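Beneath this line is the structure, given in structure tokens, with notes to follow.
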Amino acid sequence: MVERCTGRLLVATPGLRDRSFRRAVVLVLDHTAEGALGVVLDRPLDIDARTVLPQWQEHLSTPGRLFQGGPVARDTALALADLPGADAPPGVQALSPRLGVVDLDAPPALVVDAVRALRVFVGYAGWGPGQLDDEVDVGGWFVVDHEPGDAFSADPRGLWRRVLRRQPGDLALLSTAPDDVSLN
């Protein structure tokens, strides 16, 4: 089922034990036969951008921190912007009508007045050919639609529960699962 996850959220199932993805919400930016790439939306770091991208710090959305985008290439940064419409400003490549990837080498003045929100991720989540499909097929992830504000939530740590709560049926019930499912 190649490309089924592009533009959607991966929500870690309560049983997923990988520390990098436990109770994670991942926005999949690209999913093809060659693999998949996404960013973890709910892992703010205790680091502001001043340390690595000082020119962007004052423009970051609440909570004004860098985010751990995933376990791959932690020496790189990727920024997402909430776009007001389908047209992306200079320095931004549109991924969908409301979401774009920011060129962090562009001057912030080119970008910030034309976007609603901005978030910078350190590293990313990556999967090789067929790997994400396999993880979804064995029940490691729920694949759900994202809402425009998910990538820029002011309360990112609560995103896992909120995304599950808005799903139909049994998925909504999982939002109340304890952190340690063995205690249930």
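Somewhere in region 106-117, is a residue in contact with a strand residue (DSSP E or B) (Cβ under 6 Å, 6 or more places away or on another chain) and in contact (Cβ under 8 Å) with a residue 60 or more places away in the chain? No - not one qualifying residue is present in region 106-117.
Which members of region 96-105 meet the condition of being touching a strand residue (DSSP E or B) at 6+ places or on another chain (Cβ under 8 Å) and modelled with pLDDT of 90 or more? Lay out the reasoning, then the answer.
Applying the first criterion (touching a strand residue (DSSP E or B) at 6+ places or on another chain (Cβ under 8 Å)) to region 96-105 yields 98-104.
Across region 96-105, the qualifying residues are Leu99, Gly100, Val101, Val102, Asp103, Leu104.
Limited to region 1-19, what total is found for residues that are surrounded by 16 or more Cβ atoms within 10 Å (Cβ to Cβ) and under 15 Å from Gly126 (Cβ atoms)? Counting residues in region 1-19 that are surrounded by 16 or more Cβ atoms within 10 Å (Cβ to Cβ) and under 15 Å from Gly126 (Cβ atoms) gives 3. Inside region 50-72, residues that are more than 15 Å from Phe152 (Cβ to Cβ) and of a type outside the set (Val, Ile, Thr) make up a count of 9. Considered as a group, the residues in region 139-176 that are among the acidic types (Asp, Glu) and assigned to a helix (DSSP H, G or I) include one that is farthest from the chain's Cα centre (by Cα), and that residue is Asp170.
Criterion applied to Ala114, Ala88, Ala109, Ala81 was being under 12 Å from the mean Cα position of the chain (by Cα) and over 24 Å from Ser20 (Cβ atoms), and the one residue passing it is Ala81. Counting only strands (runs of 3 or more DSSP E) that sit completely within region 52-138, those holding 2 or more residues that are among the aromatic types (Phe, Trp, Tyr) correspond to 117-127.
The values are calculated or read from the model by the stated rules, or taken from the named source; none is laboratory data. Being a predicted model, the structure only gives us computed values, none of them experimental. Here Cβ is always computed from backbone atoms with ideal geometry, including for glycine, and neighbour counts include all displayed protein chains.
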